[in-house]
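S.K.: So that we are looking at the same thing, I have put the structure below in structure tokens.
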Amino acid sequence: MRYSMRYFLNGRTLVLDSGLCNGCRRCEEVCPHAVFAVKNRKARVVNREACMECGACRMNCAAGAISVSSGVGCAAAVVSAMRRGDNSAASCGCG
Amino acid sequence: MAQCDCGKSALAPPLQPAPERRGRLSTRLTWRDIAGGFRVRCGFGRDNYRVAPGLYSIGTPGADSVVLVTANYKLTVDTVRRELAGLDAWLLILDTKGVNVWCAAGKGTFGTGELVRSIQASGLAQVVRHRQLVLPQLGATGVAAHEVKRATGFSVHYGPVRIRDISTYLAAKKKATPEMRRVTFNWKERLAVALVEITGRLRPALIALAALAALQLVSTGGITTHLAADAAPFLAALLTGGILVPLLLPWLPSRSFAVKGAVAGLPVVAVSLASIPMGRLEALGVGLLVTAITSYMALMFTGSTTFTNLSGVRLEVRRALPPIIAAAGAGAVLRIAGAFIR
């Protein structure tokens, strides 16, 4: 992907605890931006800047080694949540 | 109650046929499917374009055939079944309320709970001998594979991001190449999502046109063809923010979408001021309004991209929205004042 397809705070909240990682490779499998690479049965974050914090890795990490504050990066959803006065912006307005 | 028989009934085979066992799906689209797809891609009737959830067959699948899982947005189902031509497969369609896989996974409707429910409601365990499912990779945001395994015994394999890679993936014994796993956002994909967005702007655009007509009527006592010249900068702003910004996204400067939009609006302002005669106040008003529109529309496009994250969008909305609103407000006041003071 082109270098300018990057956004503010990309990957800032992604935390990987290699101590808990069992090398199952699920994170590598589900990540749509190739943020992880697994070597010697341990996952590593190799492309943090590409992380859009979708949460697929955390969701599928059976070892609980990944934490990330995820959500939909949509300004329309953020604005409508602000107008409703809730700060969670958990769901988007589409569909 | 004297005795409980819930343990027994859970093990007994179901007396009723599974409620979500469905028929055969064709892999060929009719002209109505194609017309419907075109319609929803333009943003019309998109919220209610769905297929009944359940287990469908593609070709003539047997007890060892692959089980693919997808969402019940009809455009998604149509895209999937067309790509499955020539294959014998089971297609388990989850009830995502008519929303595509990635968005539904973000909401959790394409999720662990719905997948487990759907496996049970369709009696999938009685239909196939194996215990393997192939899910679209982008469904992973909503599904915890290990929990599905624990609840149903079915192992989840995440297939390619794009369904057009499915036969290659299946032929390679469920191995995806790195390219199949990467989300892209090329100009065709950007244009496709931009068209949906711009349809949603038709109503505010008509309201703006009515406001311009009313302003002309009040300030000059009539409505003339000059209304076209009044509306032209705003129409250009709409097309710039709605189509040009998405197309030029990687080349517009800054990570900020609001800045990208404002930059794309500058040529619109320049051309408008150079080609349409206006007074100073009106020119300033048009300049501010056009910039606010292109900037706001670009900011709203964050939700259509494949790379923005929630905390970043929150940051940008907090920073960019106040100046956009201020520019729009000041622009509107100046544009109205300019119509009276020439």
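Please treat every number below as a calculation from the coordinates, not as lab data. All figures in this text were calculated on a predicted structure; none of them were measured in a lab. In this analysis, Cβ positions are derived from the backbone assuming ideal geometry, glycine residues included, and neighbour counts consider all displayed protein chains.
S.K.: Residue pairs, Cβ under 7 Å, 6 or more apart or interchain, first in the stretch B:179-199 and more than 10 Å from chain A (Cβ to nearest Cβ) and small (Gly, Ala, Ser), second assigned to a helix (DSSP H, G or I) and surrounded by 18 or more Cβ atoms within 10 Å (Cβ to Cβ). List them.
M.R.: What qualifies is B:Ala194/B:Gly242; B:Ala194/B:Pro246.
S.K.: Report yes if some residue within the stretch B:236-253 is surrounded by fewer than 20 Cβ atoms within 10 Å (Cβ to Cβ) and among the polar types (S, T, N, Q); otherwise report no.
M.R.: no
S.K.: Just to be sure, is B:Ala105 within 14 Å of chain A (Cβ to nearest Cβ), within 15 Å of the chain's Cα centre (by Cα), part of a helix (DSSP H, G or I) and aliphatic (A, V, I, L, M)?
M.R.: Judged against the criteria, B:Ala105 is a match.
S.K.: Looking at the stretch A:69-88, I want the residues that are more than 9 Å from chain B (Cβ to nearest Cβ) and have a partner that is surrounded by fewer than 21 Cβ atoms within 10 Å (Cβ to Cβ) and of a type outside the set (Phe, Trp, Tyr) with Cβ atoms under 6 Å, at least 6 apart or on another chain. Which pairs are those?
M.R.: Within 6 Å, the pairs are A:Ser80/A:Gly93.
S.K.: Could you grab me the full set of residues in the stretch B:154-188 that are surrounded by 15 or more Cβ atoms within 10 Å (Cβ to Cβ), assigned to a helix (DSSP H, G or I) and among the hydrophobic types (A, V, I, L, M, F, W, C)?
M.R.: Residues satisfying the conditions are B:Ile163, B:Ile166, B:Leu170, B:Met180.
S.K.: Among the residues of the stretch A:10-56, count how many are closer than 15 Å to B:Val161 by Cβ and either at the interface with chain B (Cβ under 10 Å from one of its Cβ atoms) or loosely packed, with under 15 Cβ neighbours inside 10 Å (or both).
M.R.: 11
S.K.: Here are some residues: B:Thr96, B:Thr79. Which one is β-branched (Val, Ile, Thr) and assigned to a helix (DSSP H, G or I)?
M.R.: It is B:Thr79.
S.K.: When you scan the stretch B:119-154, how many residues do you find that are over 30 Å from the mean Cα position of the chain (by Cα) and within 14 Å of chain A (Cβ to nearest Cβ)?
M.R.: Of the residues in that region, 2 qualify.
S.K.: For the stretch A:61-79, give me the residue count where each residue is surrounded by fewer than 21 Cβ atoms within 10 Å (Cβ to Cβ) and part of a strand (DSSP E or B).
M.R.: 1
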